[in-house]
1. Packing-wise, with mean Cβ within 10 Å as the measure, how do 32-40, 76-84 rank, highest first?
2. Please work out whether the stretch 216-266 counts as rounded, prolate or oblate from its C-alpha gyration tensor, where a ≥ b ≥ c are the square roots of the eigenvalues and a/c under 1.5 means rounded, while otherwise a/b larger than b/c means prolate and anything else oblate?
3. Can you tell me the alpha carbon radius of gyration of the stretch 239-305 divided by the globular rule-of-thumb value 2.2 N^0.38 Å?
4. Before anything else, pin down the relative contact order of the stretch 195-331: Cα pairs under 8 Å, at least 6 apart, normalised by residue count, whole percent.
5. Taking all pairs of different Cα atoms in the stretch 240-394, averaging 1/r and flipping that mean, what Kirkwood radius in angstroms comes out?
6. For the stretch 1-150, what is the largest minus smallest coordinate of the Cα atoms on each principal axis, given in angstrom and ordered from greatest to least?
7. On average over all directions, what projected area in square nanometres does the chain have, based on the convex hull of its Cα atoms?
8. Count the DSSP beta bridges whose two residues both fall in the chain, then state the antiparallel fraction as a percent rounded to the nearest 5.
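Just so you know, all these numbers are worked out from the coordinates, no wet-lab data involved. Predicted model only: the values in this text are computed from it and were never measured. With ideal geometry, Cβ positions are generated from the backbone for all residues, glycine too; neighbour counts draw on all protein chains shown.
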Ligand code: FDA
């Protein structure tokens, strides 16, 4: 049996960060992963440029059944700490909208930075390793049996992520370990995910595929995001939709403002006053792509001149533009979701160390926990912060 102080299962964002942190403390760390490559999700993230964190990270940017849980770890390892690490490794980056930070060149740089940190910290990593079982023996040590070896350790860290993107090797492994040790796992669902059309909507809106417009989208609970909305063959996507999907429940309508930052009534009144004879079709095309206008409104209505519309019709028009209410069929699910909502209940874990309150030496970090971030680098920041919190405690 091979003994290590710490075994981390999962060589993703959180696992590698935790491993380097623990290694620098002089702990003997082994990372095990069944994939061929470490950090596969990092490699494909942010369109290959990895949105590795955000300039402004606040607890409000995270969903967790205990909204206070994330505070301690995020305060102790901030986005500025990760930015400093990135700069120390000479990785060039840039800022996009809403404070999102991306590599200039490639996400590969983030993976190689983490692997270099692990190497400097003396961490061992074994890939292509199938975990057969995990248990705790009568001496209080964890035993991990794999297809290649039999390990024991004092601290076992589960960093196996969530269920999103099964083709990248996502698995429910972490949830099973939690349940095996009596920890509660909250129901999981796909997050940061596109919506799909009902069949009748598909017929009407599929031709709009590729159109992107600015929007403000509001979920039933009042949560709102102002970002781009994208029409696709399968449904609605774009940053605004991915964000709102985290706050959506099946069957609920979402409300889409297609004129964000404008007062629809005032704009319509101006049209009425300034271009009364213009057709509604041409008038609306000043604000929205013509194909979208034609899909949203009745042909006969669009052919009428603006001054032929009665007050009630103008009111309805303003409402349709400002609060287009639509009930989508569902989401594309884990196949394309960027994150998994739900997971290991944070009430079972210490917010300072990520250790299970009732199972000493067992830690959960990253996406496997019931913590999910908004789009914009927040999920990686949680992986870094929770990884460091556990790395300082194992
Ligand atoms: P992660 O999934 O990274 O790692 C888990 C590791 O565990 C993997 O290496 C896996 O192989 C291993 N594993 C799983 N089951 C196992 C088993 N049974 N045995 C052994 N090993 C096992 N976030 C962000 O902040 N900015 C971004 O730009 C993006 N972009 C993005 C794009 C796409 C397409 C996706 C799918 C996701 C993102 N994300 C993101 C989200 C981000 O990738 C995610 O939140 C983190 O990778 C989570 O880090 P973890 O280390 O927790 O899991």
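1. 32-40, 76-84
2. Oblate shape, in that a/c is at least 1.5 and b/c is the bigger or equal ratio.
3. So the stretch 239-305 has a normalised radius of gyration of 1.38.
4. Details: 225 pairs, mean separation 40.7, N = 137.
Here the relative contact order equals 30 percent.
5. Details: mean 1/r = 0.0513 Å⁻¹.
Kirkwood radius, the stretch 240-394: 19.5 Å.
6. Computed over the Cα atoms, the extents are 51, 35, 27 Å.
7. 20.6 nm²
8. Taking every DSSP beta bridge within the chain, about 70 percent pair in antiparallel fashion.
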